[in-house]
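Colleague: First the structure, then my questions, so here it is.
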Amino acid sequence: MKSGRNYLPALLFFTGLIAGVPLGCQPELGTDPPEPDCSGFGFKPISLTQLKRYYPGETNQISDSLQWEAVVVSTDATSNIFGEIYLQDAADIEAGGLVFYTDLLETHSRVPLGSSVSVNLKGLYLGLSSGAFELGGSFSSFGNLSVGRLPARLFDDHIRVHCEPPRKPVPIVTQISDLSDSLLNTFVMVEKVEFISAETGLPFADPGTEVRRTLSDCFGNTLNVKNSGYSDFYAQLLPDGHGSVRGVLTKYRNRFELVVMSPLDFDFNTPRCEARVLGMGSDSVLISEIADPDNLPEARFLELFNASGQEVDLTGWELLRYTNANTEPGRTVLLEGLKIPAGSALVMSAYPEVFQETYGFPPDKIVSENGPADSNGDDTLVLIDPFGNVKDTFGNPGVDGSGTPHEFEDGKAERRPGVRTSSPIFNPVQWHIYNDSGGHDTYKDPQNAPEDFSPGNHPSKAGL
């Protein structure tokens, strides 16, 4: 934790200094905010993606006259955060966000949640910490330059609010298993979570202390929630039940954590995991087709097939991707709420618009990029049932598929029509595999979308 960032409001009036600035230089808490300025700063506008290129690998002061158009996705109105303003790119929600550090008090009165702002970048310091970008002033510790709090007297020189009224920010919907560094400092909604049973009945925080509480999904994946003991709601009890929570995703000691603004950010209205009724196990649910089209990578998909004569409820099932030679799974797809009718297929895609334009119908489930349905042909896919059993496997975890019997780069892997029972151990004989290199009884025959693929129409359907 960098020094100079964790001053708490109750201490400010006793120290007489805020990040090295005399207390008398701070604005009074009741000061009216300045009038909105529609013109910004008149500098050359750049995107967040372009701004990140100004980071040379170490904290750096920006010397060019530039401005960035951003949206405020945080508020200190409840005092759960202090000296931090989280900003996202106004034009591209997928570009991510950054945190702006200041020692200005009650920033929500100057830059309300949902405000559009112009940021004058000239003279600010840009840094990177735990994979997240930062803007602000600077401080030096043991000879190392870091991003620190911008003095309050300089705040209006660097942030101006636009004329249009604030709009409620729209969160990026995700799950714990899909969190990644690309979401850091962005406003997210994490679904299908609950506080761990050991913390139910506890308050958000203890008085005067920063506390981290733990969220979990029904599969043991966890996410911290950071709460301040100076917040307006620190003494309220954590919500019980299961549901979703909104906040800004950050990282602390290489663990993802969520910064919430209010207890209203939680929507826990369903039973906790232990009260849920899981789906059923089955040996008849198969990974039936995995696509990596040579001509259109965004048309990738993954298909599951139910070879049995009864519907299978996939509640509690999950699909894992072992990328390249990794021995630990990366992105996971939870199959909650999905059912596969007898003799039918279910198709997943990370690019639903491209999928529908290419194949003429929407996918059954939209999943995250770089997950099991977005493989580039050298990964391992594993299907797990609600009871933790490996039911079906394509490839070998820990083995890079390039040049092996499970490479389908620029092609596809399709289950042979006669296979109707899942296999927890990869058996190449059960597959037709096409790629751009051949060998290992695979076909050197790159496949193009849509003509070489059949999502949702597995050949075994004809025999049921």
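The values are calculated or read from the model by the stated rules, or taken from the named source; none is laboratory data. Source: prediction; values computed, not measured. FYI the Cβ positions are ideal-geometry reconstructions off the backbone, even for glycines, and counts take in every protein chain you see. Side chains included, ligands, DNA and RNA excluded: accessible areas come from the protein's heavy atoms. Shrake-Rupley method; radii C 1.70, N 1.55, O 1.52, S 1.80 Å.
Colleague: Could you please find all residues in region 396-409 being among the polar types (S, T, N, Q) and open to solvent by less than 40 Å² (accessible area, probe 1.4 Å)?
Modeller: Thr404
Colleague: Applying the selection to region 188-215, what residues are open to solvent by 20 Å² or more (accessible area, probe 1.4 Å) and under 24 Å from Gly131 (Cα atoms)?
Modeller: Once the filter is applied, which keeps residues that are open to solvent by 20 Å² or more (accessible area, probe 1.4 Å) and under 24 Å from Gly131 (Cα atoms), region 188-215 yields Met189, Glu191, Glu210, Arg212, Arg213, Thr214.
Colleague: In region 201-249, what count of residues is obtained for those that are more than 30 Å from Pro386 (Cα to Cα), among the polar types (S, T, N, Q) and in a strand (DSSP E or B)?
Modeller: 1
Colleague: What single numbered condition from (1) over 18 Å from Asn221 (Cβ atoms); (2) over 18 Å from the mean Cα position of the chain (by Cα) fails to hold for Val259?
Modeller: It fails just one condition, (2).
Colleague: Please determine whether any residue of region 410-426 is in contact with a strand residue (DSSP E or B) (Cβ under 8 Å, 6 or more places away or on another chain), open to solvent by less than 40 Å² (accessible area, probe 1.4 Å), at positive phi and of a type outside the set (Gly, Ala, Ser).
Modeller: Yes, region 410-426 contains a residue that is in contact with a strand residue (DSSP E or B) (Cβ under 8 Å, 6 or more places away or on another chain), open to solvent by less than 40 Å² (accessible area, probe 1.4 Å), at positive phi and of a type outside the set (Gly, Ala, Ser).
Condition check ((1) closer than 26 Å to Lys192 by Cα; (2) in contact with a Ser or Thr (Cβ under 8 Å, 6 or more places away or on another chain)) across all residues:
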| site | (1), (2) |
| --- | --- |
| Ala342 | no, yes |
| Leu346 | yes, no |
| Ser368 | yes, yes |
| Gly371 | yes, yes |
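Colleague: If you don't mind, another one. I'm trying to understand the selection: among the residues of region 427-452, which are in a strand (DSSP E or B) and open to solvent by 30 Å² or more (accessible area, probe 1.4 Å)?
Modeller: Once the filter is applied, which keeps residues that are in a strand (DSSP E or B) and open to solvent by 30 Å² or more (accessible area, probe 1.4 Å), region 427-452 yields His432, Tyr434, Gly439, Tyr443, Lys444.
Colleague: Is it the case that Ser115 is among the small types (Gly, Ala, Ser), in contact (Cβ under 8 Å) with a residue 12 or more places away in the chain, open to solvent by less than 50 Å² (accessible area, probe 1.4 Å) and out of contact with any Leu (no Cβ under 8 Å at 6 or more places or on another chain)?
Modeller: The answer is yes for Ser115.
Colleague: Residue by residue through region 46-65, note down the ones that are open to solvent by 10 Å² or more (accessible area, probe 1.4 Å) and either farther than 14 Å from Ala95 by Cβ or part of a strand (DSSP E or B) (or both).
Modeller: Scanning region 46-65 gives Ile46, Tyr54, Tyr55, Pro56, Gly57, Glu58, Thr59, Asn60, Gln61, Ser63, Asp64, Ser65.
Colleague: Give the residue that is modelled with the highest pLDDT, with candidates limited to residues of region 330-385 that are within 18 Å of the chain's Cα centre (by Cα) and acidic (Asp, Glu).
Modeller: Asp374
Colleague: Out of (1) farther than 23 Å from Ser231 by Cβ; (2) in a loop (DSSP other than H, G, I, E, B), the odd one out for Thr78 is which?
Modeller: Only one criterion in (1) farther than 23 Å from Ser231 by Cβ; (2) in a loop (DSSP other than H, G, I, E, B) is unmet by Thr78, namely (1).
Colleague: Would you check which residues across region 139-184 are assigned to a strand (DSSP E or B), at pLDDT 90 or above and farther than 16 Å from Ser109 by Cα and list them?
Modeller: Across region 139-184, the qualifying residues are Phe139, Leu145, Ser146, Val147, Gly148, Leu150, Ile172, Val173, Thr174.
Colleague: Exactly one of these conditions fails for Leu296: (1) hydrophobic (A, V, I, L, M, F, W, C); (2) modelled with pLDDT of 90 or more; (3) buried (at least 22 other Cβ atoms within 10 Å of the Cβ). Give me its number.
Modeller: (3)
Colleague: Out of the residues in region 305-329 that are farther than 24 Å from Phe408 by Cα and part of a loop (DSSP other than H, G, I, E, B), which is farthest from the chain's Cα centre (by Cα)?
Modeller: Gly309
Colleague: Taking region 371-393 as the region of interest, how many residues are buried (at least 18 other Cβ atoms within 10 Å of the Cβ) and either of a type in the set (S, T, N, Q) or part of a loop (DSSP other than H, G, I, E, B) (or both)?
Modeller: The total comes to 9.
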